[in-house]
Amino acid sequence: MPAVFLKDRSLLLVSGAEAQPFLQNLITTDITSLGADEARPGALLTPQGKILFDFMIWQDGDGYIIETDAGQRDSLLKRLTMYKLRAAVTLAPSTEEGVTVSWSEDAEGSQGVQDSRFAKAGVTLIRRPGKHGDGNEALYDALRISHGIVTSGSDFALQDAFPHDVLMDFNGGLSFRKGCYVGQEVVSRMQHRGTARRRVVTVSAATALPETGTEITAGGKPVGTLGSVEGGSGLAIVRIDRAGAAMAAGMPLLARETPVSLVLPAWSGLVFPTSGDEAGA
C-alpha cells in the first residue's frame, strides 16, 4: 500500500460548543452530514463566489480538523478568526505538520479518514496527520491526475476559480441545501441556471506535456490551461463548450505544439457539449 507524506500540508483545529454552526454558516461543505471517518473537500468563498481558500475537513471528537496547503494556513486562520466574533469557538494551528496519504484495495479500515473525492472515483484513499510513510509524492500526483482531482496552486489560482470549475458540485464539497454561507447566492445561481462552462479534464499526449500554465488551444484560440503534469498526463481546467465544439468539428487540441486529448472524469457524469448543447450527464 503506497504511503506518501505530503509535507506541504498543514492543519487547523476548530473546537468549542459552537464549532459546527460556526463552520456550517461559513464554508461550502455540509458538515452536519459528515461521516465520522470521512474527509470532505471544502472552501471558504469570496462574496463573489470564488474560492478564497480550499481545504479538506473532517471530524475530530467534538470538533473538526481542517487540512490545507501550508502556505494558506495562517491566512485562513486569520480569516476564520475575523468571522468568529463572540462565538464559542477555539481556532488553533495543530502542532502536527504534514499529512500522509495511503491507498489500496484493502485500505478501508486503516487508521485515518477516507477522502470522499477519491471515493467517488472508486479509490479508497486514507488521510492521516503526520508522517507515516516515505513514498514518492509523484505517486500521489499521478493518482490525482488519473482521477481528475485538483489542488490549488498546481491546478488553479485562488480567487480565480468558482467551485463548479473544480467539480466541487460533484465531489461532495459544495452544498445547495444547507442554507446561506459566504458566496452561496452566486454558486446557487450558477447551479440552477446551468451556466458552469469551465471544468476539470484529464489531459493526455503521446509525448511529454509542456509545463504547468501552458495554454490549450483549438484553432489558435485558448480553451484552457494546463495544471499538474506528470509526463504525458496532466490536468487542466477548460471551457468544455469550446473544447466540445472543437472535438465535434475534428479540430486538433494543442498544448503549445503538442496534440492532446481531453477526457472529463467519469465520476462527474459530465459530457462535452456540442454546439448549443448543455453540459451534463
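List of remarks:
- Placing dummy labels 7 Å off each Cα toward the beta-carbon, the span from SER146 to THR81 is 4.2 nm.
- Dividing the radius of gyration of the alpha carbons in segment 1-159 by their Kirkwood radius gives 0.95 for Rg/Rh.
- Using alpha-carbon coordinates, inclination of helix 184-193 to the longest axis of the chain, degrees: 40
- Candidate lysines for bridging to LYS221, where Cα separation is under 27 Å - those fewer than 8 sequence places away on the same chain excluded: LYS50
- Debye equation applied to the C-alpha atoms of segment 1-87, log10 I(q)/I(0) at 0.16, 0.20, 0.24, 0.25 Å⁻¹: -0.63, -0.98, -1.38, -1.47
- Cut-off 15 Å between beta-carbons: net charge of the residues surrounding LEU91, Lys and Arg +1, Asp and Glu -1: 0
- Protein accessible area in the chain, 1.4 Å probe - carbon and sulfur %: 48
- The trypsin sites (Lys or Arg not before Pro) of segment 1-54 that DSSP puts in a loop, and whose beta carbon has at most 13 other beta carbons within 10 Å, are LYS7.
- Listed peptides 219-226, 234-241 appear in the order 234-241, 219-226 once ranked by packing, highest mean of other Cβ atoms within 10 Å at the front.
- Per-pair calculated FRET efficiency, R0 = 22 Å: ALA157 and SER204 via Cβ, rounded to 0.05: 0.40
- Shown is the FRET efficiency for ASP134 and PHE176, computed with R0 = 35 Å from the Cβ-Cβ distance and rounded to the nearest 0.05: 0.30.
- With Cα atoms as the point set, the radius of gyration and Dmax of the chain evaluate to 18.9, 59 Å.
- Site pair GLU96 and ASN25 shows an inter-label distance of 3.0 nm when each label is modelled 7 Å from Cα along Cα→Cβ.
- Remark: the chain carries 45 Å² of accessible area per residue (probe radius 1.4 Å; ligands, DNA and RNA excluded).
- Applying the criteria of a DSSP loop state and at most 13 other Cβ atoms within 10 Å to the GluC sites (Glu not before Pro) of segment 204-241 yields GLU211.
- Dimensions (Å) - segment 114-176, Cα atoms, principal axes, largest first: 36, 23, 23
- Inter-label distance for ASP37 and LYS7, nm, one decimal - labels placed 7 Å from Cα along Cα-to-Cβ: 3.1
The values are calculated or read from the model by the stated rules, or taken from the named source; none is laboratory data. Predicted model only: the values in this text are computed from it and were never measured. Glycine gets a Cβ as well: all are built from the backbone with ideal geometry, and neighbour counts include every protein chain shown. These accessible areas exclude ligands, DNA and RNA; they are computed on the full protein's heavy atoms, side chains included. Shrake-Rupley method; radii C 1.70, N 1.55, O 1.52, S 1.80 Å.
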